[in-house]
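Heads up, the thing below is written out as structure tokens.
The values are calculated or read from the model by the stated rules, or taken from the named source; none is laboratory data. Fair warning: this is a prediction, and the values are worked out from it, not measured in the lab. Every residue, glycine as well, gets a Cβ built from its backbone with ideal geometry; the counts of neighbours run over all protein chains shown. The area values use the complete protein model at the heavy-atom level, side chains included, leaving out ligands, DNA and RNA. Shrake-Rupley method; radii C 1.70, N 1.55, O 1.52, S 1.80 Å.
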Amino acid sequence: MPSDKSEQLTEAQKEQLEAELAELEGPRRAAIVEAIATARGFGDLSENFEYHAAKNEQGLLERRIRLLRSRLDGATVVEAGAAGDAVGVGSKVEIEDERGERLQVEISSVGGVSPESPLGRALLGAKPGEEVEVEAPRGTWRARILSVGR
């Protein structure tokens, strides 16, 4: 899944992906190899559900490993700014929508709101007190930035 643009990650986000990769390449990979070896001992591979399930799991694991390696190889590490600064990758942002509902989000492609998403794009570079317009697939809406933290 190569991309023309590098993915921006904070050092903590990069370390999180590296830790997941180490877990997958080490203990998880070894466990699947062992499961395949055990399943082979159950007899005829053409009707061996355990063997086919283990091979399927191995394929999914290897796909995830390739994806993580690709993300890490193409990543650019960015430094998180100070609280109160403009929204950037790694920022924890509290916003209020047009109906007065508050939402807290983290700008992160690792378990948060992606900087490439409609909300992420709208928030990047904005400062506390500013209003942003979010152009989402279900329609455009406005949000006010209440606070920016790290």
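Of everything in segment 82-92, what is surrounded by 24 or more Cβ atoms within 10 Å (Cβ to Cβ) and either within 17 Å of the chain's Cα centre (by Cα) or modelled with pLDDT under 85 (or both)? Give them in sequence order. If the condition is that a residue be surrounded by 24 or more Cβ atoms within 10 Å (Cβ to Cβ) and either within 17 Å of the chain's Cα centre (by Cα) or modelled with pLDDT under 85 (or both), then VAL89, SER91 are the ones that fit.
So for segment 23-42 (the condition being charged (D, E, K, R), more than 24 Å from SER117 (Cβ to Cβ), in contact with a helix residue (DSSP H, G or I) (Cβ under 9 Å, 6 or more places away or on another chain) and open to solvent by less than 90 Å² (accessible area, probe 1.4 Å)), does at least one residue qualify? The answer is yes; a qualifying residue exists. Output the residues belonging to segment 106-121 that are of a type outside the set (D, E, K, R), outside any loop (DSSP other than H, G, I, E, B) and open to solvent by 20 Å² or more (accessible area, probe 1.4 Å). If the condition is that a residue be of a type outside the set (D, E, K, R), outside any loop (DSSP other than H, G, I, E, B) and open to solvent by 20 Å² or more (accessible area, probe 1.4 Å), then VAL113, PRO118, LEU119 are the ones that fit. The set of residues in segment 43-55 that are open to solvent by less than 90 Å² (accessible area, probe 1.4 Å) and not polar (S, T, N, Q) comprises GLY43, LEU45, TYR51, ALA53, ALA54, LYS55.
Per the listing LEU60, LEU103, the residue uniquely open to solvent by 70 Å² or more (accessible area, probe 1.4 Å), modelled with pLDDT of 90 or more, of a type in the set (A, V, I, L, M, F, W, C) and within 30 Å of TRP141 (Cβ to Cβ) is LEU103. If you go through segment 48-67 one residue at a time, do you hit one that is under 28 Å from ALA122 (Cα atoms) and touching a residue at least 40 places away in the same chain (Cβ under 8 Å)? The answer is yes, given that some residue of segment 48-67 is under 28 Å from ALA122 (Cα atoms) and touching a residue at least 40 places away in the same chain (Cβ under 8 Å). Taken together, the residues in segment 109-150 that are within 21 Å of the chain's Cα centre (by Cα), more than 17 Å from GLU94 (Cβ to Cβ) and among the basic types (Lys, Arg) amount to 1.
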